[in-house]
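The values are calculated or read from the model by the stated rules, or taken from the named source; none is laboratory data. Just so we're clear, the structure is a prediction, and the values are computed from it rather than from any experiment. As a convention, Cβ positions derive from the backbone with ideal geometry for all residues, glycine included, and neighbour counts pool all protein chains shown.
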Amino acid sequence: MAEPLQNVTALPSDLLAAMQARRQALLQMDLERIAPLLDESLRYTHSNGACEDKAGYLAALRRGDYRYHAIDEQPVQAWPLGDGFWTTGEVRMQAIVHGRERHMHNRFLGVWRRTPTGLCLAAYCATPLAAR
């Protein structure tokens, strides 16, 4: 297995930019900026096990099912995967999920695919971490 790129400051600039753009768009609920950052083949698995495709995820955001107030992903590691990357790390989030305030601490796995318009999130899976 290839060695991971060690930490968030060592990640490729286009990956860092895509990750940052996604976080900012989610925090600002800017669906026009979020949509192009999501691959057409997106599979988004939430920490409760629910899975959505791109249309379903965007519809849920539009309805207000998820309202993100804070997203902090770190430490992040990345490995090359074909023309893109797979990433892992921890994320702490504060959000309103289906009307209830949630404070989450998850481990995540993300897959970023290079498209003609740039890197797009193709898969994301979050798993809750046990209280430490």
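See the values below:
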quantity: When residues of region 91-111 are limited to those that are charged (D, E, K, R) and over 15 Å from THR45 (Cα atoms), the one nearest to the chain's Cα centre (by Cα); calculated: ARG92
quantity: Matching entry among ARG114, ARG67 (being free of Cβ contacts under 8 Å to residues at least 60 places away in the same chain, within 17 Å of GLU40 (Cα to Cα) and in a strand (DSSP E or B)); calculated: ARG114
quantity: Scope region 31-59; condition more than 13 Å from the chain's Cα centre (by Cα), under 22 Å from THR127 (Cβ atoms) and either modelled with pLDDT under 95 or of a type in the set (A, V, I, L, M) (or both); matching residues; calculated: ASN48, GLY49, ALA50
quantity: Which numbered condition GLN77 fails, given (1) over 17 Å from ARG107 (Cβ atoms); (2) touching a residue at least 12 places away in the same chain (Cβ under 8 Å); calculated: (1)
quantity: Residue check, TRP86 touching a residue at least 40 places away in the same chain (Cβ under 8 Å), of a type in the set (A, V, I, L, M, F, W, C) and outside any helix (DSSP H, G or I); calculated: no
quantity: Residue within region 33-43 that is exposed (fewer than 15 other Cβ atoms within 10 Å of the Cβ), part of a helix (DSSP H, G or I) and touching a residue at least 40 places away in the same chain (Cβ under 8 Å) present; calculated: yes
quantity: All positions within region 17-30 that are part of a helix (DSSP H, G or I), aliphatic (A, V, I, L, M) and either under 18 Å from MET93 (Cβ atoms) or under 12 Å from the mean Cα position of the chain (by Cα) (or both); calculated: ALA18, MET19, ALA21, ALA25, LEU26, LEU27
quantity: Failed item, numbered, when LEU15 is tested on (1) loosely packed, with under 13 Cβ neighbours inside 10 Å; (2) under 19 Å from ALA126 (Cβ atoms); calculated: (1)
quantity: Scope region 44-64; condition assigned to a helix (DSSP H, G or I) and either in contact with a Gly (Cβ under 6 Å, 6 or more places away or on another chain) or without any contact (Cβ under 8 Å) to a residue 24 or more places away in the chain (or both); matching residues; calculated: LYS54, ALA55, GLY56, TYR57, ALA59, ALA60, ARG63
